[in-house]
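Here is the structure we will look at.
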Amino acid sequence: MAKTLYTSLLLLLPLLTAAQISNWRSKVLPVVSTPQLLDSLTVIPYTVEVTDPATGRRLPAAGYRMENNRILFDTVATGHWPAVVRLRYRVLPFDLSAPFARLDSSVFYKNKKDYLIGVPYDPYAGQQHPLTGQKGLDYSGNYTRGLSFGNNQNLVLNSQFNLQMAGRLGDLEVLAAITDNSIPLQPEGNTQQLREFDKIFVQIKKDQNTLIAGDYELGRPRGYFMNFNKKLQGATFSKRWKTKNSKKPKTPHPALNTRFSIASARGKFARNTIAAREGNQGPYRLEGAEGERFIIVLSGTEKVFLNGEVLTRGLDADYVIDYNAGHITFTNRRLITKDSRIVVEFDYNVQDYQRSLYAFNGTWANERLRLYLNTYSEQDGRRPIDGAFSQQELQALQLAGDADVIINSIDTVDAYDPFRVLYLRRDTTVGGVIYKDVLVFSNDPSQALYAAGFSLVGPGNGNYVQDTRTPANGRVFRWVAPDSLTGAPTGNYEPVRRLVAPNRQQLYTAGLEFSPNKNTTLRAEAALSHFDQNRLSSLDDDDNSGLAASFGIGHLLQLGKKNNRPAAANPWQLRLAADYEYAAQKFKELNPYRPPEFARDWNVNSGANDVAIGRRPTDEHLLSAGATLHTPGAGTLHYQFGGFFRDTLYQGGRHFGKYVFQKKGWDVWAQTDWLTTRSTSERSTFFRPKFNFAVPFLRDTTGAKYWSAGIYAERERNSRFVRISNAPDTLDRAGFFYDLAKAYIESPENEHFGVKVSYQRRKDHAPAANRFLPATTATEANVQGHWKQSRNSRLNWNFTYRQLLVDDEKLTSLDPSDTYLGRLNYHFNLLRGVVQSNTSYEIGSGQERKVEITYLQVPPGEGTHLWTDRNNDAQVQLDEVETAPFQDVANAVRVNVFTDDFIRTNNVVFNQSLRLEPKAVWFNRKGWRRFVTRFATQSSLQISRKVLNSANVSQWNPFQLDVADTALVAIRSSVFNTLFFNRGNPRFDTQIGQSDIRNKFVQTSGFEARRQQKHFLKIRCNVSRTLSFHASLTLTTDTQQSELFENRRYRIQSLETRPQLSFQPSGNFRTTLSRGFKNAENQASPAAEHATTHDLKWEVTYNRSATTSIRSQFSWINISFDGDPNSPTGFAFLQGLQNGKNFLWNITLDRQVAKNIRLGITYEGRKTGPAKMVHVGRAQVGAVF
């Protein structure tokens, strides 16, 4: 039976998919007044973080309280919060609130004869088994299934499943995590730790056997050439064999480790070398290995290098990355300049073929010898994911060999689709020349019969250009006539696409590591690669295979060793090392195995080691030999010689030396790097000396650490001369020369205080004929540190100023500039919480990426937006789509497409929250102090502004929001101020406040701007224990501006009042009756549209114990609107309702049908004006286990 169970599990595991188990959880919840179950396990209270999903802003803890694993929001304190929030928290591996009993009190009985209370005992009664019937296995999770249907929408299904398991199942050790949601999501790239969705991870161990199945990562094995880190969906089986050594029982037993993987590869590798811009923090766009311009990066696969240093992801670290948009932005910790060298390696999602992967790794090792064998095979399927090749496409690929295949992308459509950009074909005559079958955009259903995909082919290589003035749902391209004199094309787009051929890549490596004694190591490895660029063609297959080999030796010499002293006591040590590498021209590695700076170190083309660009120009030989002398008293001295050769095309020799001395606060080191190269086209010398000298001058309070002051200097002179026959050699434009000097002072690092101040100056020279001339001068100052005065006060800062001056405008295309980059965070808590403040200020520069808005059609009820054909042209225009007022009418989803158009911006961000609570210290005082405790304030300010360079705009000042449209690129700001009186008083309280929310962003069709200003007054009065009265008065101004669509410009000012009466005779029943009046007018239109709204709302809530809850609501709304209801302005007034009488009603039943199962049923209905009555039903069942 056990064998059958194990076999069944092993067969089922490859069908599962997951993520690594972690007690970090994340969930999105609505902000409601009723308690909500946050997790099935006990939540650790101090780990709960509540943020705004739209902005990532952390919300104050005063707005909620935790009760084990349930959260309760304070509707008063969360008055300015968004409708939904994101929560992140840690959980304990158990539920502390779960009832626990040694005995079941429901089976107690009382013996009337002797008045004893006992429990019936039956030794033959059957036992209740847990889910798995096995002890030692802990599991937890939840399952939710819901559906929605109605007479105005299709059936909509959604589901969510989460399961975590850990423990033993018989003699199997099981570890599993399964998450599945109906909508796949990818985590954001703004933290170091990522939590992924829709994953399955299962790991089973028994003795020396391990099986991993589902979604997991497979890392590089032991070796030199084979380098990869893949996200897979499949299974990996590992086994370890041990053999006994009878001759030497005390020595480690020889062991054989094997690992076999079969899976589907989720992504494809690419390496990008990004051209940095002066003072531009990003975002910088990433491209695929085949030149794909719009990609989705697989989360967590990226590795970012800046000047050869590996960076860390996170808002408080070095960079953040938008995986879905495929772009990366650097934080204020890393100033990006024209001199920054940025390399990004990553895997991205492939949409062409299904990719399969097979890998085997085996290692045998004993005390002195290690042998290993690695095989790897990754290949595309022969059929595309979206169907089969046409006969024309298949024939083109079979005849192409390794060459690129470009095909026509014009296709006919079966039926007219208003959500697509379609064209008609028309002959066009220009200058007496007839051009046949020119594509012309059309929204005529009878003629628009063609769809086309356009590719960017470069200026002067195409016949079409993008038309940004046509208001269509997507990109529109317009034909332009060729040059009248030369007949050359004048556009930059063409209706063609690149047909990517399926490929196969394989790599086999074998190697050994041998230690003949404890001071000597030898290694050797051989590799064979096979790369078929086109699996559908046998042409050009003679260059598919290539060889590579690597050898190395290292030896440690103990100098001055004495027989009566142990080896560790000998201060002088000399390490010798030598390495050699051979790579054939046809050798193709999986991922680059050489450092990102290799091409720069040897003055070779960047594509030499970049698998995303091409192959080697010829066979390569790389060798090095060096020695390191170390003694604790005198420091470390290192020298290394290297050579890099590409047959007769390139020869390079490199000398590297370094000396390091660190002792008692002294930090002195110096290094030099000298390279000489010669190739068929150039000769070069690359000289790079560096020097650092730091001295201690002041002890800290502990007396063990020192303040440090130092100087640093470096020079890089890369003289690359172009070889010209019968003429003097001249400097190539790729050559460069600069000097850099830096002075700094820094304190010893500790928890309470730390500071570092630095100033540097860099002088760059540009090549001119056969010499270098001064081109630019850059000065840079930085101050950073932290100060923790107490647990109630924390200050962190990091500011950088850089000035770039141009010495010779003929030698550079750069303009003089000043760059500011910095961040300041300050938190303080005074008088035990009377004053609580958080301040954050950031300044920098970057670029804003223009966005194209496109809407895709979905069945009603499954979207987020509503399309209304206002002009009856059967074509979607951007001004015809609005946010859906009701879910059942949502027939479109919005897609943001990032373009290649960037706008250089100066950015400033300011966040401030302030809370005053006199009650925290004067809660038991009398007199005027007691009266003051009745007041409290809560304020928050958030500003994110991006502007162009302008003399009229202050780059530092975030409060300058009234910026001319010609200078403003994007702005997001929100202001909330609330004054409370008697907050939390059981009899009455009052709130008065205001808010101001602005948002402006740039699209390819121009800018869109929205602003909402509110002033409000809220009063609550409990007339009795069962009767309460609420009233509110709100003055609102809604403003919208659109650069392209005039009908989307309005300024609606409204005044709304709403009295409300609530009756709650018990804790199980409550009913509320409210009456509303709203008067609104469009002040930006000559027509001055006006609307008057009367509404009456009745709500009833009934709770039966903790198992059943019934909520119902009925609304009568009467609107009198004198404008055009079929317009964006009319939609803003009516919000999906109709002129005249509107009726809306709903009823919801929540019932806990079992101990761990809860059922929810909702019915919604509405009758809006003359429209038909709409009915919507929803049902959801959830289980916690």
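Which of the residues that make up segment 1091-1120 are modelled with pLDDT under 90 and surrounded by fewer than 16 Cβ atoms within 10 Å (Cβ to Cβ)? Listed by number, the residues that qualify are Arg1104, Ser1105, Ala1106, Thr1107, Thr1108. Taking segment 875-899 as the range and being under 20 Å from Glu1164 (Cβ atoms), of a type in the set (A, V, I, L, M, F, W, C) and in contact (Cβ under 8 Å) with a residue 40 or more places away in the chain as the test, the residues that pass are Ala884, Phe886, Val889.
When each of Arg1075, Arg1070 is tested for being surrounded by 15 or more Cβ atoms within 10 Å (Cβ to Cβ) and among the charged types (D, E, K, R), the lone residue that passes is Arg1070.
Filtered by the rule that a residue be surrounded by 16 or more Cβ atoms within 10 Å (Cβ to Cβ), in contact with a helix residue (DSSP H, G or I) (Cβ under 8 Å, 6 or more places away or on another chain) and over 21 Å from Phe1016 (Cβ atoms), segment 1045-1055 gives Phe1045, Arg1048, Tyr1050.
For (1) surrounded by fewer than 18 Cβ atoms within 10 Å (Cβ to Cβ); (2) charged (D, E, K, R), each residue gets a yes or a no:
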position: Gly735; (1), (2): no, no
position: Tyr738; (1), (2): no, no
position: Ala743; (1), (2): yes, no
position: Lys756; (1), (2): yes, yes
position: Ala766; (1), (2): no, no
position: Asn770; (1), (2): yes, no
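Matching residues to (1) part of a loop (DSSP other than H, G, I, E, B); (2) within 30 Å of Phe346 (Cα to Cα):
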{"position": "Pro595", "(1), (2)": "yes, yes"}
{"position": "Ala599", "(1), (2)": "no, yes"}
{"position": "Ser624", "(1), (2)": "no, yes"}
{"position": "Gly633", "(1), (2)": "yes, no"}
{"position": "Gln651", "(1), (2)": "no, no"}
{"position": "Tyr659", "(1), (2)": "no, no"}
{"position": "Gln662", "(1), (2)": "no, no"}
{"position": "Ala670", "(1), (2)": "no, no"}
{"position": "Leu675", "(1), (2)": "no, no"}
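Assess whether Asp542 counts as being modelled with pLDDT under 90, among the charged types (D, E, K, R) and surrounded by 18 or more Cβ atoms within 10 Å (Cβ to Cβ). For Asp542, the condition - modelled with pLDDT under 90, among the charged types (D, E, K, R) and surrounded by 18 or more Cβ atoms within 10 Å (Cβ to Cβ) - is not met.
Counting just the residues of segment 281-299 that are modelled with pLDDT under 85 and of a type outside the set (A, V, I, L, M, F, W, C), which one comes out nearest to Asp818 (Cα to Cα)?
Applying the filter and picking the extreme gives Gly282.
Looking only at residues of segment 929-960 that are surrounded by 14 or more Cβ atoms within 10 Å (Cβ to Cβ) and among the aliphatic types (A, V, I, L, M), we find that the one that is nearest to the chain's Cα centre (by Cα) is Ile943.
Screening Ala2 with (1) modelled with pLDDT under 75; (2) closer than 16 Å to Leu92 by Cβ gives one miss only, at (2). Of all residues in segment 1036-1057, none are outside any strand (DSSP E or B), closer than 27 Å to Lys1141 by Cα and without any contact (Cβ under 8 Å) to a residue 12 or more places away in the chain. Every test in (1) farther than 30 Å from Glu1046 by Cβ; (2) surrounded by 19 or more Cβ atoms within 10 Å (Cβ to Cβ); (3) hydrophobic (A, V, I, L, M, F, W, C) is passed by Val881 save one, and that test is (1).
So that you can scan it fast, the table gives a plain yes or no per residue for (1) within 15 Å of the chain's Cα centre (by Cα); (2) part of a loop (DSSP other than H, G, I, E, B); (3) among the aromatic types (Phe, Trp, Tyr):
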position: Phe269; (1), (2), (3): no, no, yes
position: Ile274; (1), (2), (3): no, no, no
position: Asn280; (1), (2), (3): no, yes, no
position: Gly288; (1), (2), (3): no, yes, no
position: Gly291; (1), (2), (3): no, yes, no
position: Phe294; (1), (2), (3): no, yes, yes
position: Thr301; (1), (2), (3): yes, yes, no
position: Val304; (1), (2), (3): yes, no, no
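Of the residues making up segment 1058-1067, those that are surrounded by 15 or more Cβ atoms within 10 Å (Cβ to Cβ) and over 13 Å from Leu1027 (Cβ atoms) are Arg1058, Pro1059.
Of all the numbered requirements in (1) surrounded by 12 or more Cβ atoms within 10 Å (Cβ to Cβ); (2) modelled with pLDDT of 75 or more, Ala62 misses one, and that requirement is (2). If the condition is being buried (at least 17 other Cβ atoms within 10 Å of the Cβ) and not aliphatic (A, V, I, L, M), then segment 339-348 contributes Ser340, Glu345, Phe346, Asp347, Tyr348. So which residues in segment 306-331 are in a loop (DSSP other than H, G, I, E, B) and surrounded by 19 or more Cβ atoms within 10 Å (Cβ to Cβ), if there are any at all? Listed by number, the residues that qualify are Leu311, Tyr323, Ala325, Gly326, Thr331. How about segment 884-898: which of its residues are surrounded by fewer than 17 Cβ atoms within 10 Å (Cβ to Cβ) and under 30 Å from Glu287 (Cβ atoms)? Passing the criteria: Val893, Arg894, Val895, Asn896, Val897. Exactly one residue among Asp322, Asp352, Asp411, Asp380 is touching a residue at least 40 places away in the same chain (Cβ under 8 Å) and within 30 Å of Ser446 (Cβ to Cβ), and that residue is Asp411. For segment 803-839, a tally of residues being under 30 Å from Leu773 (Cβ atoms) and assigned to a loop (DSSP other than H, G, I, E, B) returns 10. From the list Gly308, Gly381, Gly326, Gly314, pick out the single residue that is in contact with a Phe, Trp or Tyr (Cβ under 6 Å, 6 or more places away or on another chain) and either over 18 Å from Arg220 (Cα atoms) or at pLDDT below 90 (or both). That would be Gly381, the only listed residue that is in contact with a Phe, Trp or Tyr (Cβ under 6 Å, 6 or more places away or on another chain) and either over 18 Å from Arg220 (Cα atoms) or at pLDDT below 90 (or both).
Residue-level check: of (1) among the aliphatic types (A, V, I, L, M); (2) in a strand (DSSP E or B); (3) on the phi > 0 side of the Ramachandran plot, Ile1019 misses just (3).
For the residues Leu1149, Leu1159, Leu1096, Leu1134, the requirement of being within 20 Å of Arg1058 (Cα to Cα) and within 40 Å of the chain's Cα centre (by Cα) singles out Leu1134. For Pro418, the criteria (1) touching a Phe, Trp or Tyr at 6+ places or on another chain (Cβ under 6 Å); (2) surrounded by 18 or more Cβ atoms within 10 Å (Cβ to Cβ) hold in every case but one, which is (1).
A single member of Leu399, Leu373, Leu394 is in a strand (DSSP E or B), out of contact with any Lys or Arg (no Cβ under 7 Å at 6 or more places or on another chain) and among the hydrophobic types (A, V, I, L, M, F, W, C), and it is Leu373. Looking only at residues in segment 387-402 that are without any contact (Cβ under 8 Å) to a residue 12 or more places away in the chain, on the phi < 0 side of the Ramachandran plot and of a type outside the set (Phe, Trp, Tyr), the one that is surrounded by the most Cβ atoms within 10 Å (Cβ to Cβ) is Gln395.
The values are calculated or read from the model by the stated rules, or taken from the named source; none is laboratory data. Keep in mind that what you see is a predicted model, and the values were worked out from it rather than measured. Please note: Cβ atoms are built from the backbone with ideal geometry, for glycine as well, and neighbour counts cover all protein chains shown.
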